[in-house]
There are 2 protein chains.
Amino acid sequence: MLTEKELKEYSDNARASYLPHISIDCVVFGFHEGMLKVLLLHMKNENGWYLPGGFVLKDEPIELSANRILKERTGLDEIFLQQFHVFGDPQRSKDHFEMYKDMLPRAENWFTDRFLTIGYYALVDFCDAIPQPDIFSADCIWRDLDDLPELKLDHALILKTALDTLRLQLNYQPIGYNLMPKEFTMPELQKLYETILDKKLDRRNFQRRMLGFGILKRSEKPRKGGAHKAPYLYSFDLENYQAALTEGFKGGW
Amino acid sequence: MLTEKELKEYSDNARASYLPHISIDCVVFGFHEGMLKVLLLHMKNENGWYLPGGFVLKDEPIELSANRILKERTGLDEIFLQQFHVFGDPQRSKDHFEMYKDMLPRAENWFTDRFLTIGYYALVDFCDAIPQPDIFSADCIWRDLDDLPELKLDHALILKTALDTLRLQLNYQPIGYNLMPKEFTMPELQKLYETILDKKLDRRNFQRRMLGFGILKRSEKPRKGGAHKAPYLYSFDLENYQAALTEGFKGGW
């Protein structure tokens with residue numbers, strides 16, 4: 001929670017810089033070696049957690065706003081952010097309204113407005129990120145998805161919707177390009193899917209279906225070392241991968 | 001295009017009633033007996049076509065705004081509208097800006113603001129709709145998808161994105177409940193998919209895959225009449241249909 005002085009400064013700057021009534025919230029999923037986490041902010045002087053978010057500069061394309069916000073919170077740049085839903089319940093930011101309404105007259109007060117928020121999600125390697133708190137928060141940290149704290153406003157709904165969308169997306173779009181090493185084995189890729197879906201998959205079905213999508217290239221040489229039969233190495237066929245991102249997988253209707 | 005007097009009245013009312021900077025555009029696909037069309041507005045005193053759209057009342061949930069706009073243009077109520085994307089290029093409504101900027105001072109002029117627009121699409125039986133023009137338009141009519149006029153602003157992009165989303169959605173979500181009769185044959189359902197995808201599908205693959213989704217119930221009695229073998233009749237299993245709408249089809253990962 002901001003002090004009165006901070007709120008005044010923040011509101012003055014926000015009204016001068018940003019479009020009113022519109023915010024962006026980012027659900028940043030972090031994957032690394034079989035673990036899936038989500039980036040959350042722990043508020044100053046409050047026992048509350050939020051998704052990282054921000055606002056849209058008056059002349060800024062919204063995709064750039066989302067990227068700017070992600071970069072400010074993680075140091076990561078040029079990450080594929082997927083817009084997934086606008087949350088537009090008039091009551092969704094009521095708690096902010098209540099928290100700040102008596103500290104500044106309504107016409108000057110940024111947080112007494114109604115905000116629609118545009119949800120974006122990203123999937124990154126959490127080892128690559130350097131989480132940074134914002135002005136409202138004391139901490140910015142990765143939390144396990146199966147050990148989440150209570151989230152403020154409608155951020156639990158936003159997070160759930162992002163996770164549902166990501167899981168659905170595994171059925172019709174490729175994933176993993178910025179998460180896997182250049183070459184990887186089929187079990188390594190399967191682990192990514194299993195972690196996101198939070199369930200075990202059948203090895204043979206996974207391989208057959210994944211190869212059917214036509215987005216993988218098999219390397220001529222198997223991985224070196226080890227006494228057993230060396231596993232095949234795969235890499236993404238970037239041309240087909242990109243096409244599938246926009247058109248969906250082959251093997252649809 | 002509005003006259004100066006109309007613009008003044010419209011702007012005064014809009015500023016009092018709606019959230020600034022936010023609009024809604026609806027891509028209404030109409031299907032009937034193997035034909036797919038889209039609902040477009042032909043502007044007064046201009047050779048331009050637009051998608052039906054509108055704004056969000058200050059205290060209105062955005063889903064209700066979309067439904068209100070659809071009802072005003074088609075008379076149809078309680079139609080499933082799918083939110084699919086926010087279009088947020090700062091230049092997207094530049095033509096409106098240019099058209100109206102000299103007619104009213106900027107602070108009073110609704111159309112000199114930048115607007116983000118939230119896209120919704122719906123799929124309806126076009127025989128059920130009664131298209132109604134709005135204040136900006138002389139006509140509101142169904143146009144064939146393969147004979148589209150030039151669309152104003154970024155409405156061609158919005159329409160293309162909606163169609164891409166609808167086609168992708170056929171791979172992971174059910175469709176057709178408000179389009180098919182209570183009982184229908186497999187070829188009748190296949191025709192809906194073929195029309196949306198604009199291509200022929202293999203009869204046996206279609207049947208196998210569709211039955212695999214688990215959203216159809218087969219009637220005990222085949223359709224009556226006709227000299228040949230009577231085709232089986234199907235209806236949607238509404239419980240599974242609803243579940244698949246939120247969770248995607250079984251048969252994913």
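In table form, for the structure just shown:
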read-out: Among the candidates B:Met35, B:Met43, residue that is surrounded by fewer than 14 Cβ atoms within 10 Å (Cβ to Cβ), farther than 15 Å from B:Tyr121 by Cβ and of a type in the set (A, V, I, L, M); value: B:Met35
read-out: Cβ-Cβ under 8 Å pairs, at least 6 apart or on other chains, segment A:202-214 side closer than 15 Å to A:Ile175 by Cα and aromatic (Phe, Trp, Tyr), far side part of a loop (DSSP other than H, G, I, E, B) and open to solvent by 60 Å² or more (accessible area, probe 1.4 Å); value: A:Phe213/A:Lys250; A:Phe213/A:Gly251
read-out: Selection status of B:Phe31, under 18 Å from B:Ile141 (Cα atoms) and touching a strand residue (DSSP E or B) at 6+ places or on another chain (Cβ under 8 Å); value: yes
read-out: Filter result for B:Ala66 (of a type in the set (Gly, Ala, Ser), assigned by TED's automatic domain parsing to the domain that holds B:Ile130 and crowded, with 21+ Cβ neighbours inside 10 Å); value: yes
read-out: Those residues of segment A:180-204 which are more than 9 Å from every other protein chain (Cβ to nearest Cβ), surrounded by fewer than 18 Cβ atoms within 10 Å (Cβ to Cβ) and outside any helix (DSSP H, G or I), in sequence order; value: A:Pro181, A:Lys182, A:Glu183, A:Thr185, A:Asp198, A:Lys200, A:Asp202
read-out: Some residue of segment A:95-114 being buried (at least 18 other Cβ atoms within 10 Å of the Cβ), within 23 Å of A:Thr165 (Cβ to Cβ) and in the same structural domain as A:Gly75 (by TED's automatic domain parsing); value: no
read-out: Members of segment A:121-145 that are touching a Lys or Arg at 6+ places or on another chain (Cβ under 7 Å), surrounded by 14 or more Cβ atoms within 10 Å (Cβ to Cβ) and assigned to a strand (DSSP E or B); value: A:Ser137, A:Cys140, A:Trp142, A:Arg143
read-out: Residue within segment A:231-243 that is within 30 Å of B:Arg204 (Cα to Cα), within 14 Å of chain B (Cβ to nearest Cβ) and either of a type outside the set (S, T, N, Q) or buried (at least 16 other Cβ atoms within 10 Å of the Cβ) (or both) present; value: yes
read-out: Among the residues listed as A:Leu153, A:Leu148, the single one being in contact (Cβ under 8 Å) with a residue 12 or more places away in the chain, open to solvent by 20 Å² or more (accessible area, probe 1.4 Å), at positive phi and more than 14 Å from chain B (Cβ to nearest Cβ); value: A:Leu153
read-out: Counted residues, segment B:102-151 - those being among the charged types (D, E, K, R), under 23 Å from B:Glu78 (Cβ atoms) and under 15 Å from the mean Cα position of the chain (by Cα); value: 2
read-out: Test: residue in segment A:1-12 that is within 30 Å of B:Ser65 (Cα to Cα), within 13 Å of another protein chain (Cβ to nearest Cβ) and more than 17 Å from the chain's Cα centre (by Cα); value: no
read-out: Matching residues, segment B:15-30, being more than 14 Å from every other protein chain (Cβ to nearest Cβ) and over 22 Å from the mean Cα position of the chain (by Cα); value: B:Ala16
read-out: Residues that are part of a loop (DSSP other than H, G, I, E, B) and hydrophobic (A, V, I, L, M, F, W, C), drawn from segment A:154-179; value: A:Leu170, A:Ile175, A:Leu179
read-out: Members of segment B:1-38 found to be more than 26 Å from B:Lys199 (Cβ to Cβ) and among the charged types (D, E, K, R), listed by number; value: B:Glu4, B:Lys5, B:Glu6, B:Lys8, B:Glu9, B:Asp12, B:Arg15, B:Asp25
read-out: Residue match in segment A:115-138 (condition: more than 19 Å from A:Leu70 (Cα to Cα), at pLDDT 90 or above and acidic (Asp, Glu)); value: no
read-out: Number of positions in segment A:158-182 that are under 13 Å from A:Tyr121 (Cα atoms) and touching a residue at least 24 places away in the same chain (Cβ under 8 Å); value: 10
read-out: Filter result for B:Leu81 (out of contact with any Gly (no Cβ under 7 Å at 6 or more places or on another chain) and buried (at least 17 other Cβ atoms within 10 Å of the Cβ)); value: yes
read-out: Any pair with Cβ under 8 angstrom, 6 or more apart, that starts in segment B:40-66 at a residue that is without any contact (Cβ under 8 Å) to a residue 12 or more places away in the chain and facing another protein chain (nearest Cβ under 9 Å) and ends at one that is assigned to a loop (DSSP other than H, G, I, E, B) and open to solvent by 40 Å² or more (accessible area, probe 1.4 Å); value: B:Pro61/A:Asp89
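The values are calculated or read from the model by the stated rules, or taken from the named source; none is laboratory data. These numbers come from a predicted model, not from an experiment. Glycine also receives a Cβ, built like all others from the backbone with ideal geometry; neighbour counts cover every protein chain displayed. For accessibility, only protein heavy atoms count, side chains too; no ligands or nucleic acids. Shrake-Rupley method; radii C 1.70, N 1.55, O 1.52, S 1.80 Å.
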